[in-house]
1. Kindly provide the set of residues from the stretch 168-203 that are within 18 Å of Lys220 (Cβ to Cβ) and either without any contact (Cβ under 8 Å) to a residue 40 or more places away in the chain or in a loop (DSSP other than H, G, I, E, B) (or both), ordered by number.
2. Residues to consider are Val104, Val72, Val119, Val51; find the one that is among the hydrophobic types (A, V, I, L, M, F, W, C), outside the structural domain of Lys203 (by TED's automatic domain parsing) and touching a residue at least 40 places away in the same chain (Cβ under 8 Å).
3. Looking at the stretch 251-263, is at least one residue among the aromatic types (Phe, Trp, Tyr) and either at pLDDT below 90 or surrounded by fewer than 15 Cβ atoms within 10 Å (Cβ to Cβ) (or both)?
4. Could you figure out which of (1) part of a strand (DSSP E or B); (2) modelled with pLDDT under 95; (3) under 19 Å from Leu49 (Cα atoms) isn't true of Ala208?
5. Restrict the check to the stretch 77-88 and report whether at least one residue is touching a helix residue (DSSP H, G or I) at 6+ places or on another chain (Cβ under 6 Å), touching a residue at least 40 places away in the same chain (Cβ under 8 Å) and part of a strand (DSSP E or B).
Amino acid sequence: MRVGERLFITFPSLCVALSLCLLFPQAGKTEENDFAPLLLINSIDKKVLDVCYTFNYESFSNNKKINTGRRVIHLVFDSNSGKFREETKWYDNPNDTNTYLFAVEVWNGKEALSWHRPVAQLAGFRALGEGRFETPGSATISAISTPQVPYFLSMYYEEPLRPIATMALLQHPKCVENTETKIVLETIQYRFEFSKKNGALEKLVSSAPVPGRDPEKLMKMVTYEFFRHVNVSGILMPLEVKIVRWDFDGNLMSKGEFHVDQKKLRLYDKIDDNTFQFELNTGCLVNDQIRKREYRVTTLAANPPQDVEAMKKTLEKMLEQAEEQKAAVEKKK
């Protein structure tokens, strides 16, 4: 283990400063281990992320804007297991905050839940009067071994759940630019731009080979720009992110901006596994593809057989108590 790596494990903030001053080689060198502290201090690997954020986006076709939208999202992600819970308010009209689609996506390590229901808060929406209206919606339960990474995590992970920082180190990064203000690292797939001021990742460019073409020639697919970094449990995290995506022909596909709520941004070492349990509202129509059945959630829980058995035991206990009370009354006569 290098001295710099040992310092990183114990004092992350101090390690960034030492890495910038002492560990980084000059442009063109290939000592990739020297880059590990800088990459890892901008990574959430081995952590539990709890974040609330707003995502505003624009979609394009043939470089012409065709759609805009806004999402308000609460995401809990355990990088150790890959489990996550994502709750999204999906606004088709960014200016309309009264109606949205509420979506819940959960992966508990074995099974995945996808639950959607419309919500409206317009005055006079219902014949019964004003107030909130939402249907129980419908849900699908399926078996997924490697779920799709939530969109927010695309700046940290490749599919399927491979940390970009780790992948970059395996691709032998080289320092191609080292100025007074920034350090630039490049691999065959990525380009990282770090601030010399605090070690924060300011820009990430991801490239990929075009299917059916020369695999040695990569095309830029995604760029991320990161702003307003804060130190969260020793990790540098941006509060604002701009993302741009292109297709394999170089056409603009989408633009988006993430705005993180700093007051609701947390990193933990572990989290209660109950966070990733399935909870559905009464009336929700469920398509359980694993157990090959459809049902509507009643006042019982989402697994009716177990709850019916529990009710039987409760009734049997009540009958026993009633018989005991009846016997006690008879004995007094």
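1. Gln171, Pro173, Val184, Glu186, Thr187, Ile188, Gln189, Tyr190, Arg191, Glu193, Glu202, Lys203
2. Val51
3. Scanning the stretch 251-263, I find no residue that is among the aromatic types (Phe, Trp, Tyr) and either at pLDDT below 90 or surrounded by fewer than 15 Cβ atoms within 10 Å (Cβ to Cβ) (or both), so the answer is no.
4. Among (1) part of a strand (DSSP E or B); (2) modelled with pLDDT under 95; (3) under 19 Å from Leu49 (Cα atoms), Ala208 violates only (3).
5. Quick first cut of the stretch 77-88, residues touching a helix residue (DSSP H, G or I) at 6+ places or on another chain (Cβ under 6 Å) only: 83, 85.
Then keep just the ones that are touching a residue at least 40 places away in the same chain (Cβ under 8 Å); that gives 83, 85.
Retained after the next criterion (residues that are part of a strand (DSSP E or B)): 85.
The answer is yes, given that some residue of the stretch 77-88 is touching a helix residue (DSSP H, G or I) at 6+ places or on another chain (Cβ under 6 Å), touching a residue at least 40 places away in the same chain (Cβ under 8 Å) and part of a strand (DSSP E or B).
The values are calculated or read from the model by the stated rules, or taken from the named source; none is laboratory data. Model, not experiment: these values are computed from the prediction. As a convention, Cβ positions derive from the backbone with ideal geometry for all residues, glycine included, and neighbour counts pool all protein chains shown.
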